[in-house]
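This report concerns only the one structure given below.
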Amino acid sequence: MSDQLPHQVMPTGASQRHRTLTVGFFGTSIMEHLEAFNAGMVNQGDLPAVGSTVTVEGWRRRGWVHRLALSLHAAWPHVGFEIRNHGQGGATSRDIAGIVERDQATGADYDLVFLGCGINDVWRRFQNRLSEAVDLDEYTQHLEGMLGGLGSTRTTIVMSETPFGPLESPGVVAAMNAELARYNKAARAAAAAHGALFLDVWAPFTAAARHLAPADGDNPVGLWSDGVHLTELGDTLLLQQVERLLAEHRIIDRLLDSPLPDRGSA
């Protein structure tokens with residue numbers, strides 16, 4: 001279903017917008033973050049009555065990627081941002097490597113790419129879905145291949161995976177996080193080897209989780225909705241980390257200050 005979703009595109013029609021930056025996202029449901037949609041629930045002046053029934057008309061992408069797109073558009077209103085979100089729920093590094101390969105075969109090019117994977121590689125093994133699980137060596141090979149394939153991208157950011165959150169079996173969660181930490185370490189090393197930036201979101205998530213209760217019913221004060229997928233608060237924390245990295249490295253300004261790339265010769 002997610003493969004049929006259109007890319008998010010911030011319009012570039014205004015004549016004063018003399019630059020367009022293309023931003024790509026390759027990852028799991030942490031990037032895809034689907035939300036049920038009904039057109040009748042959009043107009044704040046004409047919302048359905050409490051207790052009424054609406055029909056889900058489709059899915060749309062929300063989460064931190066959508067909010068980052070809005071933030072970029074608001075901060076640089078004279079710049080066009082084309083957001084290509086290739087996030088796919090349930091994807092392992094094996095799946096994402098295929099997505100990157102197929103996308104690159106179309107001649108797609110990017111100014112900025114966010115790449116994150118690994119959480120499902122680990123989770124599948126603990127779910128006893130061994131044929132879908134990806135061990136550390138294979139994961140590293142896929143990550144190296146993706147970074148090599150995205151070599152023409154002007155800036156690549158490899159993101160660590162968010163940790164697994166609290167579940168009914170804390171011992172299992174601790175074991176999953178210990179394994180996932182090894183994948184994040186490999187991701188950091190691969191990013192360094194390919195000259196990519198690495199965004200470590202593990203530390204801020206674990207620090208915040210110590211002070212927050214799990215989301216439960218009407219209590220939204222948790223980072224995870226189910227121990228893996230993020231709540232709005234989790235998305236907010238992740239967005240803050242991304243925006244901090246962009247600001248610290250002046251990434252958008254540097255992309256705008258640099259000469260336009262020759263897309264035809266890439």
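The values are calculated or read from the model by the stated rules, or taken from the named source; none is laboratory data. All values derive from a computational prediction rather than experimental measurement. When we count neighbours, we look across all protein chains shown, and the Cβ atoms used for this are built from the backbone with ideal geometry, even at glycine.
Answer yes if at least one residue in the range 56-73 is modelled with pLDDT of 95 or more and in a loop (DSSP other than H, G, I, E, B), and no otherwise. Checked against the condition, which is being modelled with pLDDT of 95 or more and in a loop (DSSP other than H, G, I, E, B), the range 56-73 yields no hits at all. Filtering the range 135-147 to residues that are touching a Ser or Thr at 6+ places or on another chain (Cβ under 7 Å) and under 16 Å from ALA181 (Cβ atoms) leaves TYR139, LEU143. Of all residues in the range 153-186, which are among the hydroxyl-bearing types (Ser, Thr, Tyr) and more than 20 Å from the chain's Cα centre (by Cα)? Correct list: SER169 only. Restricting attention to the range 156-165, the residues that are farther than 14 Å from ALA193 by Cα and either surrounded by fewer than 16 Cβ atoms within 10 Å (Cβ to Cβ) or hydroxyl-bearing (Ser, Thr, Tyr) (or both) add up to 2.
Here the range 95-138 is the region considered, the condition is being in a loop (DSSP other than H, G, I, E, B) and within 19 Å of SER160 (Cα to Cα), and the residue that is nearest to the chain's Cα centre (by Cα) is GLY116.
Restricting the range 148-168 to residues that are of a type outside the set (S, T, N, Q), in contact with a strand residue (DSSP E or B) (Cβ under 6 Å, 6 or more places away or on another chain) and not in a strand (DSSP E or B), the residue that is nearest to ALA178 (Cα to Cα) is GLY165.
Once the range 173-228 is narrowed to residues that are among the β-branched types (Val, Ile, Thr) and outside any helix (DSSP H, G or I), the residue that is modelled with the lowest pLDDT is VAL221. Taking the criterion of being surrounded by 12 or more Cβ atoms within 10 Å (Cβ to Cβ), free of Cβ contacts under 8 Å to residues at least 40 places away in the same chain and over 27 Å from VAL242 (Cα atoms), would at least one residue in the range 56-71 satisfy it? Scanning the range 56-71, I find at least one residue that is surrounded by 12 or more Cβ atoms within 10 Å (Cβ to Cβ), free of Cβ contacts under 8 Å to residues at least 40 places away in the same chain and over 27 Å from VAL242 (Cα atoms), so the answer is yes. Selection of first residues in the range 236-250 that are without any contact (Cβ under 8 Å) to a residue 60 or more places away in the chain and of second residues that are assigned to a helix (DSSP H, G or I) and among the hydrophobic types (A, V, I, L, M, F, W, C), restricted to Cβ pairs under 6 Å at least 6 apart or on distinct chains, gives the following pairs, ordered by first then second residue: LEU237/ALA208.
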